[in-house]
Amino acid sequence: MNTLKGKVALITGSARGLGKAIAERYAALGADIVLNYSRDKVAADETVSTIKAMGVKVIAIQGDVSKVADIEKLFDAAIAAFGKIDIVVANAGIEMVETPVVKFTEEQFDRVFSINTKGSYFTMQQAAKHVTDKGRIIYIASSTTSFPVPGMAVYGGSKTTPRYLVDILSKEIGHRGVTVNSIIPFAVDHAGIFADPTAYPQLRKQLLDSCPMGRLAEVEDVANAAEFFASDLSSFISGQHLLVNGGATN
């Protein structure tokens, strides 16, 4: 069985959804947790309570990852509280779907890229500066970076660029024994735009039809991959991009 006892994990965008599932998985494995949320303090407090009940330490830090100063404060607060950071998951992001290329606006483009691209870049930069030797840096990408979907030009583009940073960073800090990888999930049920099971019925059907397993991903599917990349089992795996998509082709 994997154990993360004695480790400190920082997960951005972890009050709800996928980030919450990863934080709770790491806590169940014994890691102390640094949660991050942008606005939903109620959800963050609930997640803190859940993790505290697992017998580990946890703090929640408010911060907007589109602001570099907030990211720096997040890492400073984590180190002040725990003295170190062993695992960083760059998860915070927003989705934008069903928006053709001829329809998206400059405002939409700037907002999505400021969170998904800029936020991930500077989160991983801070991770590279502060993560312990033999630590773990994990970027949560999207299967749209491997299989382009009409209507997701801005979203998919914003999630593609940090994948390149994973490749570069794995080479620049590999001498420290730090691994840098990305997880590339299929659309995740009960999270993000599909938190409401009745939302985006046409897109849901399109995605289900493309998946041999006939379902969307669940948060636990992605947490399984996040557990692997955080554990000793992946100590010689770096610069890799793991599809978690049930064999889907788009």
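The values are calculated or read from the model by the stated rules, or taken from the named source; none is laboratory data. Note that this is a predicted model, so its numbers are computed, not measured. Cβ placement follows ideal geometry from the backbone for every residue including glycine, while neighbour counts extend to all protein chains displayed. Protein only, heavy atoms only, side chains kept; ligands, DNA and RNA dropped before computing areas. Shrake-Rupley method; radii C 1.70, N 1.55, O 1.52, S 1.80 Å.
Just want the answer: with Cβ charges of +1 for Lys and Arg and -1 for Asp and Glu, which residue in 224, 213, 148 is farthest toward the dipole's positive end in the range 107-250?
Towards the positive end, the residue furthest out is 148.
Please give the length that would be gained between residue 129 and residue 232 if that part of the chain were fully extended, namely 0.36 nm times their separation in residues minus their C-alpha to C-alpha distance (nm, one decimal).
Working it through step by step, the gained length comes to 35.0 nm.
Of 20/41; 5/52; 41/67, which sit over 24 Å apart, Cα to Cα?
none
Loop only by DSSP, 12 or fewer other Cβ within 10 Å of the Cβ. Give me the chymotrypsin sites (Phe, Trp or Tyr not before Pro) in the range 151-244 that pass, ordered by residue number.
Those satisfying the criteria are 236.
For the residue pair residue 52 and residue 28, what label-to-label distance in nm results when each label sits 7 Å from Cα along the Cα-to-beta-carbon direction?
Distance between the two pseudo-spin positions: 2.1 nm.
Mind listing the phi-derived Karplus ³J(HN,Hα) values for the range 217-226, rounded to whole Hz, using 6.51, -1.76 and 1.60 with θ = phi - 60°, and x for any glycine or proline?
Working through the residues one at a time gives 5, 10, 4, 5, 4, 6, 4, 4, 5, 5 Hz.
Report, largest value first, the span of the C-alpha coordinates of the range 1-142 along each principal axis, in whole Å.
Computed over the Cα atoms, the extents are 50, 30, 28 Å.
Can you pull the Rg over Rh of the range 60-190, Cα-only, Kirkwood?
On the Cα set of the range 60-190, Rg over Rh gives 1.00.
Picking from 66, 239, 177, whose Cα lies most toward the positive end of the charge dipole for the chain (charges on Cβ: Lys, Arg +1; Asp, Glu -1)?
Selected residue: 177.
Hey, what D do you get for the range 104-250 in µm²/s if you plug the Kirkwood alpha-carbon radius into Stokes-Einstein at 4 °C and 1.567 mPa s?
Value of D from the Cα-based Kirkwood radius: 80 µm²/s.
Which order, highest average first, do 115-121, 3-9 follow once you tally other Cβ atoms within 10 Å for each residue and take the mean per peptide?
Peptide ranking by packing, descending: 115-121, 3-9.
Excluding ligands, DNA and RNA, what is the solvent-accessible area per residue of the range 1-120 at a probe of 1.4 Å, expressed in Å²?
47
Nearest 500 deg cm²/dmol is fine: what mean residue ellipticity at 222 nm does the chain get from its DSSP H runs of n ≥ 4 alone, each adding -39,500 (n - 2.57), divided by its residue count?
Counting only the DSSP helices, I get -12500 deg cm²/dmol.
I need the P(r) histogram for the chain: all alpha carbon pairs, bin width 5 Å from 0 out to the longest distance, whole percents.
1, 7, 14, 19, 21, 17, 12, 6, 2, 0, 0
Between residue 110 and residue 2, what length comes free when the chain is fully extended (0.36 nm per residue of separation minus the Cα-Cα distance, one decimal in nm)?
Extending this stretch completely gives an extra 34.9 nm.
Counting only protein heavy atoms and a 1.4 Å probe, tell me what percentage of the chain's accessible area is made up of carbon and sulfur.
55
Could you give the dipole magnitude of the range 83-231 about its Cα centre, charging the beta-carbon of Lys and Arg +1 and that of Asp and Glu -1, in debye to the nearest 20?
My answer is approximately 420 debye.
Taking the Cα centre of the chain as origin and charging only Cβ (+1 Lys, Arg; -1 Asp, Glu), how large is the dipole, in debye to the nearest 20?
400
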